[in-house]
Structure formats: C-alpha cells, structure tokens
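J.: I have a structure I would like to understand better, so I am pasting it below and will then ask my questions one at a time.
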Ligand code: SAH
C-alpha cells in the first residue's frame, strides 16, 4: 500500500465504538495480543476497518498497484494463463482471488482471458473471490458484473453473493478460502497477506516475550504496548529456536492460509501468486498504519486507519513445506520486467497520441518499477505443484524413433523469458 500525494477529504467520522470495544475487552480479560488487536480493528464484523470502508484510491487511505495501472493486472493475467498451460491445459480453470479490493485486478485479468480466448479454448473458467468486507464485495460486484449479482438469502451460506461477469463467466463470493470449491485453481493474493494479523515478540534477558496491547494507565482512552512478564503460548511456539533478530513478527494466520493453498495445489493442481510488501526473514518492526495516505499511530483511533505489516516470505516458504515448489520472492521490478512490462508499455504508447494519457502511462510504469518507489519494496512469491518444475523423465529402453521429450515451460516472471 502506497500513500499518494493528493489530499483526501476526511472519511466519514468513525464511531468510538471500536476503542470502547477494545478497552472493555482488555478490562475484562487483560491485555490482548497484537494479532487480536489487528483482527478486531480490521475485520470485526460490525466496526472493522475493512468491513466499513472503501479505503482504496485517492480519496481513501492507500493506493495499490492494480489501481495504478491496468498493465499490472494484464501481466498477472498472462502469468495465470502461462501456469495453466504449464499444467497441461486442464479443462477447468478457477481463478481465486484473496482480498480483491475494488475488483480492478480481477477485471484486468479477465480482459486478458477474453483477449486470449483462442489460447484458453474450451476451458471452463470461473471466478471466486474471498472477501470479508460486504462494502468491498458490493464494489467488486459493481465493477465485475455491472450490478447484476445477487446476495444469498441467508447469512450462513458459504457463497454469500453470486453473479456473472460482463463476459458471462460465473463469479462467487466467499468469506473464507475453505468455502471455495476444490478443483484446478490459480490463486492470486495482492496486498492480502499484509492485512492478516501478526503476533509480535521481543527478545528479553529472560527469553522471548510477547508484545501485547493494554490500556494506558495514565490516559484511560489511550492504548499502549506492553511486554508480557512471562512467556505466552504464542511466544513459546511461534519463534524459531535459532532466531537471531531481537524483535520478530509472525503471521500465524498467513501460515495457515499457505498450508490450505499447498493442500489444494497438491491435491487438485494449480498455482498461487502472492505479491506484497515484504522481506525474506530479515526485518523486525514493520507494523504500521495508514490514514489519508499518511503514516498514522497504530494504536490511535483504532478502526479509522489501515493496519499492515510486511509479509515475511521466509516464514511462508517454511510453512509451505517440501511438498510443493516455491519460487521467489523476487522484486516487483524483476517480476514485471520478466513478464514483459517494457514491451507492453511500448505497445500502449505506440497506440496512444493523447499527451496526457502518454504521460500517465509512463508515470504509472515508473511508480510500479522504479527501485525507489514500488519496484523493490514489493515482492512476488509463488507456490506451484511439485510436478511443475520436475525434470521430464528420460525414456527407458531402446527406441528406433527418437522422440522429443517436451521441455518444461519456464515459470514466467521468475525467470527471464527469451523470445528468440
Ligand atoms: N488486492 C486489492 C486490495 C488490497 S486491500 C488491491 O491490491 O488493490 C486488502 C483486501 O483484503 C481487502 O479487499 C480486504 O477487505 C480484504 N481482506 C482483509 N482481510 C481479510 C480476511 N481476513 N479475509 C478475507 N478478505 C480480507
């Protein structure tokens, strides 16, 4: 998530109910973990930040790559088709997006699917959106189906909204990944894992301790961080024995989601592409808040600002285990360049005479790829079925005819593709 320069009108005044809810919880059961704080603030079904707000774009709190340029989603669309081809062109292709925001990424991906219809052939394509926010799901439905989707009759239905995209593809909305039907799927998660709750741990003279959120005794309407005097279940189980940092953040929920993705990919085939702010197990304190495109105190006026923490890709890789192939993380700049962003930009510029649009195309390209902007802060990571990278077996025995063993398709984005 990147703050942008434009000034934004104040969002609708938040209720103080989130702060009240948190303080009464702390009063009755004691300090809460940072993970519980983050979960409540972001996704509480009544007052959660994601549940109540449309936070994306110049009038919101942050802007993301799919909102900056259509090229971003188009290149991800090409990646998905390339992985579908690498898997042997299965008859069914489920595109599953976790945390689809405004639906712009899915919409750009589906446009590529339409343009490459001849490649997809008879494959039956469907879209599955995992979204916790009713407000955002409405916006996604507007963008993708032109408002023709229908809500489920009861709140308990796993599919809480369904419809058809403007191109006629079935689309369903779920609250949890578990509810998405099984089958060959390509999963996409852009700026999703950074919104999942993290635990925070501090190394002390007495060993690892968990950082918790408590009421400030000096100012009863304020929250503050405290360190637990003794270990918690989380501090004894989530910190690696050979950890070298003095402060670590662990997103256990992200680990669970990766394991669900791994199970699905192993059993039904498919791939996952995860792109986010992140590091490879090196950073310490990355927990922060954004409000109106500015950094904000993470504990001040909870529920009015976005909370985020960098994704630890080394943790995701560890949680994925050895049964799948993992690629990356590579920087967004490397990934997009490997996917051919320069050529795509040239094509768009060649077809565009309007000076303002040309300027906009170039500046959004720069925003996405410049090392000092989003080019190096964002990383791409992928989980693939193990067979995807396996070397084709040599044929046994003598054969009169020399059969050509088909070469594995390289994994687009993670290796430079040459068109020679
Ligand atoms: N991918 C979009 C939006 C990123 S914001 C983009 O890049 O523009 C994070 C998205 O994840 C929002 O759609 C938010 O509502 C959703 N989200 C956050 N936590 C979630 C959770 N636990 N389960 C499902 N969706 C969640």
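Values in this text are rule-based calculations from the coordinates and carry no lab data. Note that this is a predicted model, so its numbers are computed, not measured. When we count neighbours, we look across all protein chains shown, and the Cβ atoms used for this are built from the backbone with ideal geometry, even at glycine.
J.: Note down the nm distance, to one decimal, between modelled labels 7 Å out along Cα→Cβ at residue 135 and at residue 376.
T.: Here the answer is 3.6 nm between the modelled labels.
J.: Stick to the Cα atoms of the chain, pair each with every other, and give me the Kirkwood hydrodynamic radius in Å at one decimal.
T.: The Cα-based Kirkwood calculation yields 22.9 Å.
J.: Could you work out how much longer the chain between residue 409 and residue 342 gets when fully extended? Use 0.36 nm per residue separation minus the Cα distance between them, nm to one decimal.
T.: Length difference between fully extended and current span is 22.0 nm.
J.: Counting pairs of alpha carbon atoms under 8 Å apart in space and at least six apart in sequence, what relative contact order in percent does the chain give?
T.: It rounds to 18 percent for the chain.
J.: Between residue 150 and residue 116, what is the label-to-label distance in nm when each label sits 7 Å out along the Cα-to-Cβ direction?
T.: 3.3 nm
J.: To one decimal place, what orientation-averaged projected area in nm² is obtained for the convex hull of the Cα set of the range 296-366?
T.: For the range 296-366, averaging the hull's shadow over all directions gives 8.5 nm².
J.: Let me check against my output: what whole-number percent is the relative contact order of the range 206-299, with C-alpha pairs under 8 Å and at least 6 apart? Intermediate values should be presented prior to the final figure.
T.: On the way: 70 pairs, mean separation 19.9, N = 94.
Worked out over the range 206-299, it gives 21 percent.
J.: Would you calculate the volume per residue, in Å³, of the smallest convex hull containing every Cα atom of the range 240-312?
T.: Values: hull volume 10.0 nm³, N = 73.
Spread over its residues, the Cα hull of the range 240-312 gives 137 Å³ apiece.
J.: From the convex hull of the Cα coordinates of the range 184-249, what is the mean projected area in square nanometres?
T.: 7.6 nm²
J.: Once every Cα of the range 254-393 carries one equal point scatterer and solvent is ignored, give the base-10 log of I(q)/I(0) from the Debye formula at q = 0.14, 0.17, 0.21 Å⁻¹, two decimals.
T.: With no solvent term, the Cα-only Debye profile gives -0.86, -1.04, -1.18.
J.: Quick check for you: which residues of the range 16-52 have the amide N under 15 Å from the point 7 Å beyond the Cα of residue 297 toward its beta carbon?
T.: Answer for the range 16-52: 19.
J.: Give me the three principal axis extents of the range 64-113 from the C-alpha atoms, as integers in angstrom, largest value leading.
T.: Result, largest extent first: 33, 19, 14 Å.
J.: Here's something else I'd like to know. Considering the Cα positions of the range 53-202, please state its Rg to one decimal place and its Dmax as a whole number of Å.
T.: 15.5, 55
J.: Antiparallel as a % of all DSSP beta bridges within the chain, to the nearest 5?
T.: Numbers: 43 of 69 bridges.
Around 60 percent of the beta bridges assigned by DSSP in the chain are antiparallel ones.
J.: So what's the convex hull volume per residue for the Cα atoms of the range 144-298, in Å³? Show your work: numbers first, answer last.
T.: Numbers: hull volume 31.7 nm³, N = 155.
Spelled out: Cα convex hull of the range 144-298, divided by residues, is 204 Å³.
J.: Which angle from 0 to 90°, rounded to the nearest 10, does the C-alpha axis of helix 134-145 make with the longest principal axis of the chain?
T.: 20 degrees
J.: Quickly estimate the mean residue ellipticity at 222 nm for the chain, helices only: each DSSP H run with n ≥ 4 gives -39500 (n - 2.57), and the total goes over all residues, rounded to 500.
T.: On the way: 14 runs with 139 residues, N = 420.
After summing the helix terms and dividing by residue count, I get -9500 deg cm²/dmol.
J.: With springs connecting C-alpha atoms under 10 Å apart, model the chain as a Gaussian network and identify which of 163, 207, 86 has the largest mean-square fluctuation.
T.: Comparing 163, 207, 86 in a Gaussian network model of the chain, the most mobile one is 207.
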